[in-house]
Amino acid sequence: SISAPREHLLRGTVLLSARNEGRTLGADPGLRTIFNMNYDLSSRHELNMAGSAGFERGTPTASFRAAWNRRSESGSLSSFSATMHQLFLPSAYRSAFAISDLPSDLRIQSFTGKYEKETTVGDRIGVRYGAAFETVTLNKTIATWSPYGQLTYTASDQTRWILNFTGEAPKLSSPNPSGANLAEDLLANPQISSRSDGRHAIALESGKHVEAAWQHRLGSRYRVEAATFFDSLSDVALAVSSADQPLLAGLLRDPFSQNRFLDGGNFSSPGARATVGTKLSNASELIVSYSYAGNLLASAGTVSTEDAHALRDLLRSQRGSSFAVKVRSTLPRSHTEIITSYKWIPANVVMPGDSYNSGSGRSDPFLNLALVQP
């Protein structure tokens with residue numbers, strides 16, 4: 001007899017996105033398609049592939065990620081991944097940027113390699129650790145190495161304690177919890193900017209984050225989160241724009257928007273965060289969050305300078321409070337997910353604090369509305 005071929009489980013998501021935010025260089029073309037696929041090679045081995053392709057203003061951009069995940073007999077999970085990004089700049093870009101030795105093919109390329117392992121010690125302790133290696137190439141190659149680790153103690157079915165450290169820069173990605181946005185996090189571009197010392201060189205943002213967090217569930221309806229942390233950021237990439245375009249000449253320009261990117265320097269600050277969530281119904285949840293952390297502020301509401309690189313001298317670090325309210329709902333039948341949030345931050349903030357926040361209360365500043373249709 002002939003045995004049936006072995007069946008493997010294939011699953012994935014596809015996201016069609018139309019937007020233009022310009023949060024990081026080359027990250028948000030007006031039209032973009034993202035996919036994320038998992039293929040079970042066996043009960044212990046899994047192949048993950050994710051990618052994106054976008055196009056706007058005659059400028060194509062693409063990313064691709066491949067990862068191999070392995071689960072051992074003891075239950076630990078290890079992962080190796082490699083991610084490539086490539087952005088083809090338009091020919092007019094050369095005259096708009098003061099780097100004299102731009103590559104002839106006008107491409108920005110980046111590579112991220114990452115190793116991660118997750119295991120358990122006994123019934124209550126979980127350990128996750130690894131490292132990432134990241135490079136960006138424009139007129140030269142910049143590289144950075146970032147270790148990270150996390151220790152989780154599950155005191156009971158309702159309570160968890162978490163201690164984590166990361167040497168990676170915070171990733172700017174959409175805060176909505178859909179599965180497709182996991183791919184956006186995996187494919188997030190390294191954040192680069194123009195140095196403020198007038199050398200027309202590029203800088204790669206980096207950072208360090210240490211956090212101790214407590215999570216607790218009160219019955220089936222309420223949950224509470226609290227955390228204290230310390231952030232230290234270097235070469236912070238700031239998006240800037242001006243009606244006086246010659247003022248910003250020489251700064252890296254986003255090909256998909258009018259934003260340019262300036263190296264905002266280094267700053268560090270301790271902080272704290274508290275979040276309360278409650279179910280309004282089986283299909284909706286209300287989340288309220290408060291944080292106190294260091295923000296990067298402009299020294300005045302109206303910034304005036306004759307030199308783009310002097311903008312850095314107008315920035316200062318100051319601790320302050322922020323509040324966020326978020327409602328997540330899922331409509332019956334259509335399964336449309338609606339996420340509405342409002343986050344208040346102090347005046348003149350150009351880099352909000354608590355930028356590593358990955359908790360349930362995470363939200364972008366001001367009023368946000370996201371619709372996710374499976």
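The values are calculated or read from the model by the stated rules, or taken from the named source; none is laboratory data. Predicted, not measured: the structure shown is a model, and the values here were computed from it. Cβ sites come from the backbone with ideal geometry, for glycine too, and all protein chains shown count toward neighbours. Side chains included, ligands, DNA and RNA excluded: accessible areas come from the protein's heavy atoms. Shrake-Rupley method; radii C 1.70, N 1.55, O 1.52, S 1.80 Å.
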Note on the stretch 209-332: C-alpha Rg/Rh, Kirkwood Rh, two decimals, gives 1.12
Provide the net charge surrounding residue 233, with neighbours chosen by a C-beta distance below 9 Å and charges set as Lys +1, Arg +1, Asp -1, Glu -1. -2
For a quick check of your reading of the filter: which trypsin sites (Lys or Arg not before Pro) in the stretch 310-349 sit in a DSSP loop and have no more than 11 other Cβ atoms within 10 Å? 333
At 0.36 nm per residue, and after removing the present C-alpha to C-alpha distance, how many nm does the segment from residue 78 to residue 373 gain when stretched out fully? 103.0 nm
Assigning unit charges at the beta carbon (Lys, Arg +1; Asp, Glu -1) and nothing else, what dipole magnitude in debye, to the nearest 20, does the chain show about its Cα centre? 720 debye
If I compute solvent accessible area with a 1.4 Å probe over the protein chains, what percent of it on the chain is carbon and sulfur? 56 percent
Total Lys pairs in the chain closer than 30 Å by alpha-carbon, pairs eight or more apart in sequence or interchain only? 16
By how many nm would the segment from residue 156 to residue 216 grow when fully extended, if each residue of separation counts as 0.36 nm and the alpha-carbon distance is taken off? 20.7 nm
Grab the other residues whose beta carbon is less than 13 angstrom from that of residue 271, score K and R as +1, D and E as -1, and report the net. -1
For the stretch 310-325, Karplus couplings with θ = phi - 60° (6.51, -1.76, 1.60), whole Hz, Gly/Pro x: 6, 4, 4, 6, 8, 9, 8, 9, 8, 6, x, 9, 9, 10, 9, 10
For the chain, what is the calculated [θ] at 222 nm in deg cm²/dmol (nearest 500), taking -39500 (n - 2.57) for each run of four or more DSSP H residues and dividing by its residue count? -500 deg cm²/dmol
Could I have the simple spin-label model distance between residue 40 and residue 344, label points 7 Å from Cα toward Cβ, reported in nm to one decimal? 4.9 nm
Pop a pseudo-label 7 angstrom from the Cα along the beta-carbon direction at both residue 266 and residue 14 and give the gap in nm to one decimal. 4.7 nm
Local electrostatic count, residue 68, Cβ distance below 14 Å [Lys/Arg +1, Asp/Glu -1]: +3
Which ³J(HN,Hα) values in Hz, rounded to whole numbers, follow from the phi angles of the stretch 264-281 under the Karplus curve 6.51 cos²θ - 1.76 cosθ + 1.60, where θ = phi - 60° and Gly and Pro get x? x, x, 10, 7, 9, 6, x, x, 8, 9, 9, 9, 10, x, 9, 7, 7, 7
For residue 201, list long-range residues whose amide hydrogen, built 1.01 Å from N in the peptide plane, is under 5 Å from its own amide hydrogen. 195
Extension reserve of the residue 224-residue 165 stretch, reckoned as 0.36 nm per residue once the Cα distance is removed: 19.1 nm
Can you give the FRET efficiency for residue 249 and residue 31, using 1/(1 + (r/R0)^6), R0 = 30 Å, r = Cβ-Cβ distance, to the nearest 0.05? 0.55
Taking max minus min of the Cα coordinates of the stretch 206-261 on each principal axis, largest first, gives extents in Å of 58, 26, 16
Solvent-accessible heavy-atom area per residue, rounded to whole Å², over the stretch 286-352 at 1.4 Å: 55 Å²
